[in-house]
Amino acid sequence: MESVSKIRLWILQEGRSIRSVARATGLSRNTIKKYLKDDNPPSYQRQAPPARHKLCDGFDTRLQELFEQDQKRPRRERRTAVRLYEQLVSEGYTGSYSPVQRFVRDLKRTDAGSGEAFIPLHFAAGDALQFDWSEERVVLGGVEQKVKVAHFRLCHSRKPFVVAYPGESQEMVLDAFVRALSFYGGVPRRVIIDNPKTMVTYVSRSKDRVFHPRFLALMNHYVMEPVACTPASGWEKGQVENQVQFLRGRLFVPMPAFDDLDGLNDWLRLPCEELANRAHPEYSARTIAEVFEDERAELRPLGRAFDGYVEKTVRVRSTCLVQYASNRYSVPSRFAGQHVSLRAYAGRIVLVSGQDVIAEHKRRFTRNVSYFEPWHYVPLLDRKPGALRNGAPFVDWQLPDGSLSSAMPR
């Protein structure tokens, strides 16, 4: 551009000849004449698209076939480009990942059409944590079932954390946050969330939020500011939205199988650490784990863990049972007919009278089942000894010889 301006200045203002300018610049006279006719700067135009490595030996056809098969599956079961690449490698493909990635990207663009534009977001270290739920399918104890997965992502370092639950009720939200902050070892200044009823009870026309009292208690305990996204604007927490899709293809396709939910969650913690060894998307010379170590210094100290339960007052039935979420749990017989406090945690049920814990059970997620502690009913056997034969609490109850007689009142 600068040389074109100089040539036009020499000839059009100073009156120099084309021949003398050609000698001074080393350019041909035809090139100089072209510059004189057109005052636009010269630009390079590619005559042909750049050469790229292509899928060969019919793998392009095979990849398109796999992609079309995935389009017929539910969205959460579709494979990522990485998974498709691994499938091709298992079938003999020896090329690199890049052609596969480009091919899949072009197929998705063809399928989806033009995309929507967004404004890039920036988060300082220790500033924000994003949260979202996803629904996945897993095999637990040999049975295929749905689970809800709580996703967390520190926005600056991109460090992920996930934990699975049978549902996404209030107590599971509270438990998920306690686990996530313990995993990160500190507290960010804000948390960016959607507007579920377990966290936001009301959204006004002016977009003001009324947060759920129990969720607000969690926020106050850790001194975090809750920030609810604008409805239908998931891009405001786009990092965790993208994480849901990425981890679905990475962890839940094909479906993982474990004995129980605890085994699944123990396993899910490992990829959270392994994925931190990937290059950070903004600071490519450093890993996510390295950036996280810097961000950890900006997090506030964790302090005492929040007691994440949901409490309600229930009446003890004459059968010494209280009900919660379609199941029944026993309490000591002396509390029959009284009102007690039931505290529901993500994994246990605690019954409280006054300041005393009177019973505790493992949380169950069946329907219409009674769970007994036989010792709760032993005092009643003094007046109803025949119940020992057919009483539901004593079915399959194995006791050492003489242990029951010693516990019976005299």
Whether any residue in the range 236-252 is more than 17 Å from Lys148 (Cα to Cα), acidic (Asp, Glu) and touching a Leu at 6+ places or on another chain (Cβ under 9 Å) is what I want to check. yes
His156 passes all but one of the listed conditions (1) surrounded by 21 or more Cβ atoms within 10 Å (Cβ to Cβ); (2) without any contact (Cβ under 8 Å) to a residue 12 or more places away in the chain; (3) not hydrophobic (A, V, I, L, M, F, W, C); the exception is number (2)
Note on the range 326-370: residues within 20 Å of Ala392 (Cα to Cα) and without any contact (Cβ under 8 Å) to a residue 40 or more places away in the chain are Phe335, Ala336, Gly337, Ala359, Glu360, His361, Lys362, Arg363, Arg364
Residues of the range 374-392 being out of contact with any helix residue (DSSP H, G or I) (no Cβ under 9 Å at 6 or more places or on another chain) and either more than 17 Å from Arg317 (Cβ to Cβ) or touching a residue at least 24 places away in the same chain (Cβ under 8 Å) (or both), in sequence order, are Asp382, Arg383, Pro385, Gly386, Arg389, Asn390
Name the pairs: first residue in the range 11-23 and assigned by TED's automatic domain parsing to the domain that holds Lys33 and free of Cβ contacts under 8 Å to residues at least 12 places away in the same chain, second residue of a type outside the set (Gly, Ala, Ser) and surrounded by 10 or more Cβ atoms within 10 Å (Cβ to Cβ), Cβ to Cβ under 6 Å, at least 6 apart or on different chains? Arg16/Trp10; Ala22/Arg29; Ala22/Ile32
Considering only strands (runs of 3 or more DSSP E) wholly within the range 144-206, the ones with at least 1 residues that are closer than 15 Å to Val244 by Cβ and assigned by TED's automatic domain parsing to the domain that holds Tyr222 are 160-165, 190-193
Cβ pairs under 7 Å, 6+ apart, first in the range 256-272 and within 15 Å of Gly141 (Cα to Cα) and surrounded by 14 or more Cβ atoms within 10 Å (Cβ to Cβ), second basic (Lys, Arg) and at pLDDT below 95: none
Extreme residue, farthest from the chain's Cα centre (by Cα), among residues of the range 147-167 that are charged (D, E, K, R) and closer than 17 Å to Asp194 by Cα: Lys148
Please verify whether the range 358-368 includes one or more residues that are hydrophobic (A, V, I, L, M, F, W, C) and more than 29 Å from Phe177 (Cβ to Cβ). no
Residue by residue through the range 207-247, note down the ones that are assigned to a strand (DSSP E or B), free of Cβ contacts under 8 Å to residues at least 24 places away in the same chain and out of contact with any helix residue (DSSP H, G or I) (no Cβ under 8 Å at 6 or more places or on another chain). Arg209, Val210
Can you pull out the residues in the range 70-94 that are within 13 Å of Val104 (Cβ to Cβ) and charged (D, E, K, R)? Asp70, Arg78, Arg79, Arg83, Glu86
Kindly evaluate Phe335 against the criterion of being of a type in the set (A, V, I, L, M, F, W, C), out of contact with any helix residue (DSSP H, G or I) (no Cβ under 6 Å at 6 or more places or on another chain) and in the same structural domain as Leu140 (by TED's automatic domain parsing). no
Failed item, numbered, when Asp70 is tested on (1) in a loop (DSSP other than H, G, I, E, B); (2) modelled with pLDDT of 85 or more; (3) surrounded by 14 or more Cβ atoms within 10 Å (Cβ to Cβ): (1)
Go through (1) more than 22 Å from Val291 (Cβ to Cβ); (2) in a strand (DSSP E or B) and name the single condition Ser98 misses. (2)
Taking the stated definitions as given, is Tyr283 farther than 24 Å from Leu251 by Cα, assigned by TED's automatic domain parsing to the domain that holds Leu174 and either of a type outside the set (S, T, N, Q) or in a loop (DSSP other than H, G, I, E, B) (or both)? yes
What's the total number of residues in the range 289-313 that are surrounded by 18 or more Cβ atoms within 10 Å (Cβ to Cβ) and either acidic (Asp, Glu) or without any contact (Cβ under 8 Å) to a residue 40 or more places away in the chain (or both)? 1
Is it true that some residue in the range 368-388 is surrounded by 14 or more Cβ atoms within 10 Å (Cβ to Cβ), under 42 Å from the mean Cα position of the chain (by Cα) and β-branched (Val, Ile, Thr)? no
Count, please, the residues in the range 145-177 that happen to be more than 22 Å from Leu251 (Cα to Cα) and touching a helix residue (DSSP H, G or I) at 6+ places or on another chain (Cβ under 8 Å). 3
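The values are calculated or read from the model by the stated rules, or taken from the named source; none is laboratory data. Only a predicted model underlies this, so the values are computations on that prediction, with no experimental measurement involved. All Cβ positions, glycine included, derive from the backbone under ideal geometry; neighbour counts span all protein chains shown.
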